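Q: Here it is, the structure, as structure tokens.
Read the figures in this text as sums done on the coordinates, not as results from a lab. Just so you know, these numbers come straight off a predicted model, no measurement behind them. All Cβ positions, glycine included, derive from the backbone under ideal geometry; neighbour counts span all protein chains shown.
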Amino acid sequence: MIRKISIIGLAGVAIAAAGCGSSSSSGTSPSSTATVGKHYSVTFIAGTTGDNFYTTLNCGAKQEAAKLGMTYSYTGASTWGAPQQIPYVQSVTAAHPSAVLIAPTDVTALIAPMQSMKQAGIKIAEVDTDITNGVESGVAITSISSNNLLGGQEAADALAKLINDKGTVMVINVTAGISTTDARQQGFTQEMAAKYPNITVLPTQFDNDSATTAASILESTYAANPGLNGIFAANVLTAEGVSTGITHVGATGTIKDVSFDAEPTDIAALKSGSIDALIAQEPATEGIDGVEQVYDALTGKQVTASIATGLVTITAANEASMSKYFYVSSC
Ligand code: T6T
């Protein structure tokens with residue numbers, strides 16, 4: 001793990017947390033049962049609970065909260081988007097846990113709801129995604145994420161190698177305004193432009209985090225560009241759809257596929273050959289670090305303002321030795 005340390009300085013004297021203990025359930029607002037004394041509570045608000053990247057992050061956070069004696073709950077919308085996520089932010093603010101881990105679904109739309117949460121006295125750790133200037137503005141105490149620009153560059157290098165540095169490729173992404181997937185797309189297109197003059201990059205298309213839409217984008221693009229050689233799928237559900245689409249059009253092995261993340265269906269597709277390489281993150285570590293940082297803030301210890309977790313490239317050649325990077329579908 002690469003730690004970029006910029007110390008915010010000691011948090012104030014930790015005050016007794018009036019937080020909430022609540023059932024850990026995805027897709028429902030947590031109940032609010034007050035806890036008193038030095039017992040702290042933390043809630044993780046996922047980008048979407050229908051995604052095993054966040055399932056794995058949840059498992060790490062839950063494990064660390066238990067280790068630190070914190071009450072833990074997990075919640076979030078079952079589909080991606082600020083309109084879906086904001087009601088969960090508001091109900092968690094009302095439940096008033098001592099701290100929150102959150103993966104904001106939009107760099108702008110979540111600013112005001114997170115400001116309200118901060119003003120309620122809740123310590124906030126951004127995990128995976130962030131809002132614009134979340135830490136710099138003081139809304140969040142820390143931001144913990146992969147180096148997504150580097151991840152996009154690594155995806156470009158892996159895809160270029162698969163197509164012998166020549167041909168036509170494209171990015172299928174989620175939607176603009178997501179800090180992580182925007183950075184991946186930027187890293188990919190910058191790397192292609194800088195290092196691979198014989199590779200044409202088609203305009204990026206967006207699936208709004210729908211595997212079905214990703215599959216139909218792949219199929220329509222291939223019909224319009226029969227010489228398509230490669231795809232970069234920028235997240236879990238996009239990868240799932242691209243893999244399905246490649247299989248549907250009978251282009252397994254013809255269209256090379258590099259995808260972000262390493263959830264169980266991605267690993268199965270890697271083994272079957274419909275995905276050629278995965279850029280895997282460390283979501284469990286993000287969850288562990290996030291809980292650790294809010295606990296440090298609550299107990300008056302120094303906080304690390306920015307933490308970059310690791311990335312690895314998984315292929316059929318090294319897959320057997322990379323199982324520790326596979327995401328999980330339950331804890
Ligand atoms: O790729 C991850 C996450 O890093 C990104 O911010 C949103 O999509 C995922 O959750 C995977 O679907």
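Q: To the nearest 20 debye, what is the magnitude of the charge dipole of the chain about its Cα centre, counting +1 on the Cβ of each Lys and Arg and -1 on the Cβ of each Asp and Glu?
A: In debye, rounded to 20, the chain gives about 640.
Q: Which of the listed residues, Val236, Thr180, Leu149, is farthest toward the dipole's positive end in region 141-255, when Lys, Arg count +1 and Asp, Glu count -1 at the beta-carbon?
A: Leu149
Q: Further question: Output the relative contact order of the chain, whole-number percent, from Cα pairs under 8 angstrom with separation of 6+ residues.
A: For the chain, the relative contact order is 23 percent.
Q: Given a 10 angstrom Cα cut-off, can you work out which residue in Asn148, Asn133, Asn229 is the most mobile in a GNM of the chain?
A: With Cα springs under 10 Å in the chain, the top fluctuation among Asn148, Asn133, Asn229 is at Asn133.
Q: Counting only Cα atoms, I'd like the Rg/Rh figure for region 55-175, Kirkwood definition for Rh.
A: Computed over Cα atoms, the ratio is 1.07.
Q: Per the Cauchy relation, a quarter of the hull surface: what is the mean projected area of the convex hull of the alpha carbons in the chain, in nm²?
A: 15.5
Q: For region 192-284, state what percent of all Cα-Cα pairs lands in each successive 5 Å bin, counting from 0 Å until the bin that includes the largest distance.
A: Bin by bin from 0 Å, the calculated values are 3, 15, 26, 25, 18, 10, 3, 0.
Q: In whole angstrom, how long is each semi-axis of the equivalent ellipsoid of region 93-246, when you take the square root of 5 times every eigenvalue of its Cα gyration tensor and sort them from largest down? Kindly include the intermediate steps, with their values, before the conclusion.
A: Values: eigenvalues 249, 55, 22 Å².
Listed largest to smallest, the semi-axes of region 93-246 are 35, 17, 11 Å.
Q: Here is a further query. Could you give the angle, 0 to 90 degrees to the nearest 10, between helix 236-248's Cα long axis and the longest principal axis of the Cα atoms of the chain?
A: Approximately 20 degrees, to the nearest 10.
Q: Measure nothing but the geometry: give the 0 to 90° angle between the long axis through the Cα atoms of 179-195 and the longest principal axis through the Cα atoms of the chain, rounded to 10°.
A: Value to nearest ten degrees: 40.
Q: Something else about it: Taking the highest mean first, how do the peptides 246-254, 56-64 order by number of other beta carbon atoms within 10 angstrom per residue?
A: 56-64, 246-254
Q: Of the candidates Ala262, Ala120, Ala239, which one comes out as most mobile in a Gaussian network treatment of the chain with C-alpha springs shorter than 10 Å?
A: Ala120
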